[in-house]
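Participant: There's a structure below that I have some questions on.
Every number in this text was worked out from the coordinates using simple rules, so none of it is lab data. Note that the structure is predicted; figures quoted are calculated from it, not measured. As a convention, Cβ positions derive from the backbone with ideal geometry for all residues, glycine included, and neighbour counts pool all protein chains shown.
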Amino acid sequence: MAKKPGTNPKGEFAFFNVVYADDSLRSNRRVPTELLDGDAPARSYIMEQDREIAEKSDRPQLEIKSISRVGAKKK
């Protein structure tokens with residue numbers, strides 16, 4: 001059964017774009033906002049997700065080149 005529009009809690013996740021060492025891009029990676037104190041903890045959370053994905057898919061884990069929050073203004 002479908003949910004009513006607007007019933008999902010807002011601000012539960014922060015979204016990040018991740019650029020890897022091979023210059024591939026993964027958009028809108030979700031990180032729970034409760035883990036964030038700035039953007040630094042997002043890197044370790046995403047690295048842990050990547051490690052689990054690499055184990056399940058039998059592919060090597062890619063090195064993260066940069067992470068940027070979606071919607072953040074560039075300096």
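Participant: Quick check: residue separation of Phe13 and Arg26 times 0.36 nm, minus the Cα distance between them. What number comes out in nm?
Facilitator: Numbers: separation 13, 0.36 × 13 = 4.68 nm, distance 1.61 nm.
That works out to 3.1 nm of additional length.
Participant: Another question, then. Which order do Ile67, Ile53 fall in if you start with the one that has the fewest other Cβ atoms within 10 Å? Before the final figure, lay out each step's value.
Facilitator: Values: Ile67 18, Ile53 12.
With the sparsest Cβ surroundings first, the list reads Ile53, Ile67.
Participant: What ³J(HN,Hα) values, in whole Hz, does the Karplus curve 6.51 cos²θ - 1.76 cosθ + 1.60 give for region 33-50 when θ = phi - 60°, with x put for Gly and Pro?
Facilitator: Coupling constants for region 33-50: 5, 5, 8, 8, 10, x, 9, 4, x, 5, 4, 5, 5, 5, 4, 5, 4, 4 Hz.
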